[in-house]
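Worksheet: one structure, shown below.
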2 protein chains.
Amino acid sequence: MDSVDVKFVLVETSHPGNIGGAARAMKNMCLDQLALVNPNRYPSADATSRASGADDILMNAGIHETVDQALEGCAFVMGTSARPRGLYIPELTPKQCAERILAESTQGKVAVLFGREDSGLTNGELDRCNALMRIPTSQEYSSLNLAAAVQVLSYELMIQRGEAPLQRPIGEGERRHPLANADEMEGLFNHIEESIIATGFLDPENPRQVMRRLRRLFNRADVDRNEVNILRGILTSVQETVRKV
Amino acid sequence: MDSVDVKFVLVETSHPGNIGGAARAMKNMCLDQLALVNPNRYPSADATSRASGADDILMNAGIHETVDQALEGCAFVMGTSARPRGLYIPELTPKQCAERILAESTQGKVAVLFGREDSGLTNGELDRCNALMRIPTSQEYSSLNLAAAVQVLSYELMIQRGEAPLQRPIGEGERRHPLANADEMEGLFNHIEESIIATGFLDPENPRQVMRRLRRLFNRADVDRNEVNILRGILTSVQETVRKV
């Protein structure tokens, strides 16, 4: 997947571990433009350690004295905020943000400002923003960790870009055998029925709902061909036992 | 917003900071049930520091020796995986997971297993899972930080609670009996194993993958309590037949 042309700008970050965590979250989601404005301690072993394999993102990160420098050339600026703000700036959910960023990034350079851990963005910084992201949270405990906020937006950007570059569609599982077809499932159900009549579990004169319930159970499981073979192998071993009685 | 009745289980976490980060992510998203299986270093100042204001989640976290203990009484278990697995377990996106967890939590106790930072969940642990979450990521760099993965699922649980009132999974139909819990499923698997050793199908000296495949098949099917009773009735009839030989 191509990276999106969007720059994440971390403003006056106190804890270098958060810078590393943000870099890792970005790289996981195919994003690569990080900028740091006046970080408190940087470079730092904590940042490198939390970045894990994403130290290339740190290596290439721009480091700036001011927000203005970091935003140079940007056409669209998204802010982030943990709390409702007094002045009117449109507030978007992370999903809406991701959609907006993807749309704007085809028109010009886009930046997202992430504020200080303790106090967020100043009013002056918010005045630079075209829109604000607010992540839905608990009312009582609303302040996300900085790297966690970066993770949420990065994740939504990945989802909204769609067609995630998986080796195979998610939800497919690693199904190495084809699903059993209808004939094979009927063969299995007949085999089950014969076997449990043979052991005396099922009374053919009074079958109740047993076979219907077993059908529903196995149909729900999306049984594959190999599994049908295992189950029928078990049933054959039961029938051979019955013959010896 | 009410909390969801779901327990997040962190298995053999190496870095206590990740435990704190997970607790904070959960509390931000109105989740409060954390359990730790055999954590490497805990309690720890790193955990408390990263938890920030979420130390109540840490205080109330259950600490267990084994995954089995942590899962006691749980009817539905979701696993998490960074990579495709060899055997078939349904893989869901975080959004699908959140929908599923919300639906299942109205029926019985739900747990989510988060594996070790370096090696994830073992095959034995995956065998306990009804479904797996996989977060879409970059192909080249797919392993999320543990607390970041907790954040993504917690966020989707928040979003899905906001957007959709609790409802059954689509296509579920009416489930008239509660899901079998972990103990009942273990009882079933032990009963299957004894029975197919008795009929000669399973060679205990050379078990191959038979029990693992059967576990995955039945876990996938979300077996309810009534179905466990039917299956165990069949197995008892098989064992009685063997005794007559």
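We did not get these values from a lab; they are worked out from the coordinates using the rules stated. Predicted, not measured: the structure shown is a model, and the values here were computed from it. Note that each Cβ is placed from the backbone with ideal geometry, even for glycine, and that neighbours are counted across all protein chains shown.
Put a point 7 Å out from Cα along the line to Cβ at A:Asp127; what are the distances to that point in the other copies, in nm, shortest first?
Distances to the matching label points in the other copies: 6.5 nm.
Cross-link list A:Lys27/A:Lys95; A:Lys27/B:Lys7; A:Lys95/B:Lys109; A:Lys27/B:Lys109; B:Lys27/B:Lys95: which exceed 26 angstrom alpha carbon to alpha carbon?
Details: A:Lys27/A:Lys95 19 Å; A:Lys27/B:Lys7 29 Å; A:Lys95/B:Lys109 30 Å; A:Lys27/B:Lys109 35 Å; B:Lys27/B:Lys95 19 Å.
The pairs that break the limit, which is 26 Å between Cα atoms, are A:Lys27/B:Lys7; A:Lys95/B:Lys109; A:Lys27/B:Lys109.
Can you check what the Kirkwood hydrodynamic radius comes to for the protein assembly as shown, Cα pairs only, in Å to one decimal?
In the protein assembly as shown this quantity evaluates to 24.5 Å.
Could you work out the mean count of beta carbons from other protein chains within 10 Å of each residue's beta carbon in A:33-46?
The mean count of partner-chain Cβ atoms within 10 Å per residue comes to 0.
If we count every other residue with Cβ under 10 angstrom of B:Gly115's Cβ, Lys/Arg +1 and Asp/Glu -1, where does the sum land? The partial results should precede the final answer.
Values: positive: B:Arg116; negative: B:Glu12, B:Glu117, B:Asp118, B:Glu125.
Here the charged neighbours net out to -3.
Just order A:183-189, A:27-33, B:192-198 by mean Cβ neighbour count inside 10 Å, highest at the front, would you?
Those peptides, ordered most packed to least, come out A:27-33, B:192-198, A:183-189.
At each listed q (0.14 Å⁻¹), what is the log10 of I(q)/I(0) that the Debye formula gives for segment A:182-244 modelled as equal alpha-carbon point scatterers?
Debye intensities relative to I(0), on a log10 scale: -0.40.
Taking B:Lys244 as the anchor, which lysines have their alpha carbon closer than 17 Å to its alpha carbon, excluding any fewer than eight residues away along the same chain?
A:Lys244
Run through the DSSP bridge list for the protein assembly as shown and note the antiparallel percent, rounded to the nearest 5.
About 10 percent, rounded to the nearest 5.
Tell me what chain B gives for mean residue ellipticity at 222 nm when only DSSP H runs of n ≥ 4 count, each as -39,500 (n - 2.57), the sum divided by the residue total, rounded to 500 deg cm²/dmol.
Mean residue ellipticity, 222 nm, calculated: -13500 deg cm²/dmol.
What's the average, rounded to a whole number, of partner chain beta-carbon atoms within 10 Å of each residue's beta-carbon in A:3-15?
Going residue by residue through A:3-15 and averaging, the value is 0.
At a Förster distance of 22 Å, what's the computed FRET efficiency of A:Asn206 paired with B:Arg232, Cβ-Cβ distance as r, to 0.05?
In this case the efficiency is close to 0.65.
What are the equivalent ellipsoid semi-axes of chain B, built from the alpha-carbon gyration tensor (square roots of five times its eigenvalues), in whole angstrom, biggest first?
Numbers: eigenvalues 230, 84, 55 Å².
Values for chain B, descending: 34, 20, 17 Å.
By how many degrees, between 0 and 90 and to the nearest 10, does the Cα long axis of helix A:94-104 differ from the longest principal axis of chain A?
60 degrees
Return the percentage of antiparallel bridges among DSSP beta bridges fully within chain A, rounded to the nearest 5 %.
Rounded to the nearest five, the antiparallel share is 10 percent.
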